[in-house]
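S.K.: Handing you a structure now.
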Amino acid sequence: MVLDNLVEGVVVSQEIRALIKSGAWDINHDEDVEKRIQPASFDPTYEDFAFRVPHGFRPFKGMTVEESLRVLHKSDTKRYDISQGFDIFPGFSYLLKLKGRFSLPKGFWMKSSPKST
């Protein structure tokens, strides 16, 4: 499969499957993953932890997200174990790490839906 970075729009389910099967996304293609492939989206799963971060958090220039979290003052961040679920409170932002690795061709980007469950 060749993804043309000049094409605008969404990646369809067949292309999502091809990305997973080719190894571009470090995810095993199994029954559980297949259930999360939608016609024009993929529902990822999360690691068992999340961070509460300052509203509008962005990584510092030249630093990874992880490095930026280490630099923030301890009172500005809090790590939560979400393996049993957790409550999200208004007025805070939360950062959740996706399971797997997602390598995208140059010019492509991912977006999460704020309406997604």
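S.K.: Given the criterion within 30 Å of S22 (Cα to Cα) and hydroxyl-bearing (S, T, Y), identify the matching residue among S75, S103, S68, S93.
M.R.: When all the criteria are applied, what remains is S103.
S.K.: Give just the number: which of (1) part of a loop (DSSP other than H, G, I, E, B); (2) within 30 Å of V12 (Cα to Cα); (3) of a type in the set (F, W, Y) does F49 not satisfy?
M.R.: Result: F49 fails condition (1) only.
S.K.: If I ask for residues that are loosely packed, with under 12 Cβ neighbours inside 10 Å and part of a loop (DSSP other than H, G, I, E, B), which ones from region 20-39 would you list?
M.R.: G23, D26, N28, D30, P39
S.K.: Of all the residues that make up region 57-74, how many are over 16 Å from M110 (Cβ atoms) and open to solvent by 50 Å² or more (accessible area, probe 1.4 Å)?
M.R.: The qualifying residues number 12.
S.K.: Here is a check on your reading of the model: is R70 out of contact with any Cys (no Cβ under 8 Å at 6 or more places or on another chain), modelled with pLDDT under 90 and part of a strand (DSSP E or B)?
M.R.: Taking the combined requirement at face value, the residue does not satisfy it.
S.K.: Would you point out the residue of region 75-99, among those that are farther than 28 Å from H29 by Cα and out of contact with any strand residue (DSSP E or B) (no Cβ under 8 Å at 6 or more places or on another chain), that is surrounded by the most Cβ atoms within 10 Å (Cβ to Cβ)?
M.R.: Among residues in region 75-99 that are farther than 28 Å from H29 by Cα and out of contact with any strand residue (DSSP E or B) (no Cβ under 8 Å at 6 or more places or on another chain), the one surrounded by the most Cβ atoms within 10 Å (Cβ to Cβ) is F89.
S.K.: Sticking with this one: Within region 28-46, identify whether any single residue is farther than 16 Å from S13 by Cα and at pLDDT 90 or above, and answer yes or no.
M.R.: no
S.K.: Going through region 88-102 one residue at a time, which ones are over 15 Å from the mean Cα position of the chain (by Cα) and more than 15 Å from F51 (Cβ to Cβ)?
M.R.: Selection gives P90, G91.
S.K.: Restricting attention to region 103-117, does a residue exist that is of a type in the set (A, V, I, L, M, F, W, C), more than 16 Å from the chain's Cα centre (by Cα) and surrounded by 11 or more Cβ atoms within 10 Å (Cβ to Cβ)?
M.R.: no
S.K.: Please go through (1) modelled with pLDDT under 85; (2) touching a Phe, Trp or Tyr at 6+ places or on another chain (Cβ under 6 Å) for F86 and return the number of the only condition it doesn't satisfy.
M.R.: Of everything listed in (1) modelled with pLDDT under 85; (2) touching a Phe, Trp or Tyr at 6+ places or on another chain (Cβ under 6 Å), F86 misses just condition (1).
The values are calculated or read from the model by the stated rules, or taken from the named source; none is laboratory data. Predicted model only: the values in this text are computed from it and were never measured. In this analysis, Cβ positions are derived from the backbone assuming ideal geometry, glycine residues included, and neighbour counts consider all displayed protein chains. Side chains included, ligands, DNA and RNA excluded: accessible areas come from the protein's heavy atoms. Shrake-Rupley method; radii C 1.70, N 1.55, O 1.52, S 1.80 Å.
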